[in-house]
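One structure is given here, and the rest of the page talks about it.
Bear in mind that the values in this text are calculations on the coordinates, not laboratory data. This one's a predicted model, so the numbers in the text were calculated from it and none came from an experiment. Glycine also receives a Cβ, built like all others from the backbone with ideal geometry; neighbour counts cover every protein chain displayed.
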Amino acid sequence: MGDAPHPGARFESQRPVMSLKEQKEELRESRIVGFHCPACKLDRFSPMTRCPACKSTNIMRRQFSRTGTVASFTIQSVASEQFLNETPFAFALIQLDDGPRVSGWIPWIAKAKDLALGQKVEYVASYKPGMQFEKR
Amino acid sequence: MRDVCVVGVGSTKYGKHDLTARELMTAASDAALRTSGLDPANLDSAFFGNAFGVAEKQGHLGPLIMTALGLDAIPATVVETACASGGTAFHHGYREVAGGFSDAVLVGGVERVSMLDTLTATTYFAYGSDYTYEGGTGCSFPGLYATMARAYFGKYGASERDLAHVAVKNHANAVYNPLAHLQKAISVEDVLSSMKVADPLKLYDACPFSDGAAAAIVCSEEMAKELTDTPVYIEASERAGSIASLHDRTDLTSLPGAVRAGERALAKAKLTLDDVDFFEVHDCFTIAEVAATEDLGLFKRGAGAKAAVAGDTALGGARVVNPSGGLKAKGHPVGATGVGQVVEVFEQLQGEAGGRQVEGAMRGLTHNVGATGGTVVVNILGRRR
């Protein structure tokens with residue numbers, strides 16, 4: 001007990017390996033960087049401090065590929081505030097070629113027939129919010 | 001753990017109201033107190049579900065309601081688990097009584113959003129998603145369920161027309177529900193020709209933005225027997241979670257938390273699905289009802305959509321689903337919905353459901369989902385012979 005670090009020090013040692021702000025900065029540089037459990041080889045783009053499979057807290061940063069395929073998608077005809085002027089566009093769940101699934105959006109897709117499950121896509125850095133992809 | 005009962009319920013009509021959330025919740029609570037016959041002095045605590053207090057710029061709703069009820073000394077807690085807020089409030093009321101911390105609890109849920117324009121409402125609802133990645137990448141709430149629908153179509157070969165039957169069935173039931181927001185029958189063609197909201201989902205695949213409040217009085221068996229000859233027992237109340245964001249899940253056609261909570265509820269109540277007369281499930285979108293019926297085990301994986309087409313989920317079908325009209329047609333005042341499902345079960349078990357009455361109903365199950373399943377509440381309520 002006597003040697004325990006003060007609560008503040010404990011927190012500093014347990015900061016996530018990457019903050020959301022840092023992840024965003026990587027995206028601006030065209031790099032998709034997420035979280036990785038080396039024991040399970042499990043990748044995740046959302047914050048992870050404990051592996052859901054092996055419960056290890058040895059979590060590292062890992063850079064994923066910028067290319068992937070569409071796992072599912074929708075055409076957003078009605079969108080929320082930040083995307084008011086972008087409709088219609090596609091919101092897609094994208095399976096990265098080397099990495100996990102991520103949520104992304106693809107501009108200029110107005111109809112479901114303009115996109116298909118399995119479509120190859122690539123990440124493009126953009127000043128707009130969210131992760132933007134384009135067809136390959 | 002002791003036996004817990006529901007002895008009274010109250011609800012506003014769902015729809016558009018000029019009353020604020022605090023007024024709606026007060027009215028439903030008062031109705032529940034009156035129908036239960038409980039002396040308000042015997043109430044020990046209160047739990048309310050509410051998701052978008054921000055819409056009215058009002059936090060700390062609990063004491064406002066208790067003050068209006070003249071019960072200012074009773075502690076009240078507002079819980080938020082997105083669209084499962086009401087179910088979660090009910091669950092915590094149940095735990096209070098089961099654990100012996102309270103003898104009688106007022107549980108409720110309320111939402112008021114109709115004064116918002118569509119853009120603002122769509123934005124607030126997106127706050128219930130993983131806003132960093134989903135909402136912040138342009139996805140609306142219907143958009144999340146639309147990606148689930150497309151994945152379901154891809155995996156099992158179902159169609160938009162199949163899903164339309166879910167909406168048609170729920171609207172047909174709501175015609176007989178005086179509390180329903182959309183008390184009108186619709187056709188498959190009406191659904192298919194309605195505006196695309198998030199392809200493949202259309203306006204009539206989606207529940208409406210509703211205002212409303214629902215309440216229930218939960219108490220110990222001992223107290224219930226003093227109040228009524230026909231108490232409704234809470235035979236199980238279970239909650240479970242799922243991975244929060246869709247992109248982190250492997251299977252997009254199921255909500256793992258619903259499977260977990262459903263299995264646990266049946267095990268706790270020592271029942272099988274055949275012992276349950278009807279199911280009030282969280283059909284915020286038509287695809288959500290199909291996923292719910294498969295997650296709860298009513299139908300095999302991939303068979304839920306076809307079962308709806310075949311009429312198996314209609315009144316008189318093998319597995320009656322959403323006799324109230326569901327979120328789709330009864331309406332979805334977000335924080336109220338989980339408690340509103342209990343209101344429906346209570347009325348059905350008292351034989352007071354009129355044209356939508358499930359013949360001889362002795363037991364009903366409720367299934368209430370927060371967001372895309374991050375929270376799921378399953379309750380089983382029954383009468384004892």
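Looking only at strands (runs of 3 or more DSSP E) that lie completely in region A:38-136, which have at least 2 residues being closer than 18 Å to residue B:148 by Cβ? Because the criterion is at least 2 residues that are closer than 18 Å to residue B:148 by Cβ, the strands (runs of 3 or more DSSP E) in region A:38-136 that meet it are A:67-76, A:89-96, A:101-106. Among the residues of region A:63-89, just one is within 9 Å of another protein chain (Cβ to nearest Cβ), in contact (Cβ under 8 Å) with a residue 24 or more places away in the chain, of a type in the set (Gly, Ala, Ser) and crowded, with 24+ Cβ neighbours inside 10 Å, namely A:72. For region A:91-110, the criterion of a residue being without any contact (Cβ under 8 Å) to a residue 24 or more places away in the chain, within 16 Å of residue A:68 (Cβ to Cβ) and either in contact with a strand residue (DSSP E or B) (Cβ under 9 Å, 6 or more places away or on another chain) or within 11 Å of another protein chain (Cβ to nearest Cβ) (or both) is satisfied by at least one position.
Filter region B:247-271 down to the residues that are surrounded by 17 or more Cβ atoms within 10 Å (Cβ to Cβ) and either within 14 Å of residue B:237 (Cα to Cα) or of a type in the set (A, V, I, L, M, F, W, C) (or both) and list them by number.
If the condition is that a residue be surrounded by 17 or more Cβ atoms within 10 Å (Cβ to Cβ) and either within 14 Å of residue B:237 (Cα to Cα) or of a type in the set (A, V, I, L, M, F, W, C) (or both), then B:252, B:255, B:257, B:258, B:259, B:260, B:261, B:262, B:265, B:266, B:269, B:271 are the ones that fit.
Looking at residue B:134, is it in contact (Cβ under 8 Å) with a residue 40 or more places away in the chain and within 19 Å of the chain's Cα centre (by Cα)? No.
The single condition among (1) within 12 Å of another protein chain (Cβ to nearest Cβ); (2) part of a helix (DSSP H, G or I) that residue B:65 does not satisfy is (1). Of the strands (runs of 3 or more DSSP E) lying entirely inside region B:166-267, those containing at least 1 residues that are among the acidic types (Asp, Glu) and within 14 Å of chain A (Cβ to nearest Cβ) are B:196-199.
If I ask for residues that are more than 7 Å from every other protein chain (Cβ to nearest Cβ), part of a helix (DSSP H, G or I) and crowded, with 18+ Cβ neighbours inside 10 Å, which ones from region B:114-155 would you list? Within region B:114-155, B:121, B:124, B:125, B:141, B:142, B:144, B:145, B:148, B:149, B:152, B:153 meet the criteria. Here B:309, B:342 are screened, and the one residue that is more than 21 Å from residue B:209 (Cβ to Cβ) and surrounded by fewer than 23 Cβ atoms within 10 Å (Cβ to Cβ) is B:309.
For region B:249-303, taking the residues that are touching a strand residue (DSSP E or B) at 6+ places or on another chain (Cβ under 9 Å) and basic (Lys, Arg), the one that is farthest from residue B:342 (Cα to Cα) is identified as B:249. Residue-level check: of (1) in contact with an Asp or Glu (Cβ under 6 Å, 6 or more places away or on another chain); (2) under 14 Å from residue B:26 (Cα atoms), residue B:114 misses just (2).
Annotation note: of B:110, B:197, B:166, B:188, the sole residue that is in contact with a Pro (Cβ under 6 Å, 6 or more places away or on another chain) and β-branched (Val, Ile, Thr) is B:197. With respect to residue B:283, is the statement that it is within 14 Å of another protein chain (Cβ to nearest Cβ), surrounded by 24 or more Cβ atoms within 10 Å (Cβ to Cβ) and of a type outside the set (Lys, Arg) true? Here the answer is no, as residue B:283 does not meet what is asked.
For the criterion of being in a loop (DSSP other than H, G, I, E, B) and of a type in the set (A, V, I, L, M, F, W, C), residue B:71 passes.
Taking the stated definitions as given, is residue A:25 surrounded by fewer than 17 Cβ atoms within 10 Å (Cβ to Cβ) and at the interface with another protein chain (Cβ under 9 Å from one of its Cβ atoms)?
Judged against the criteria, residue A:25 is not a match.
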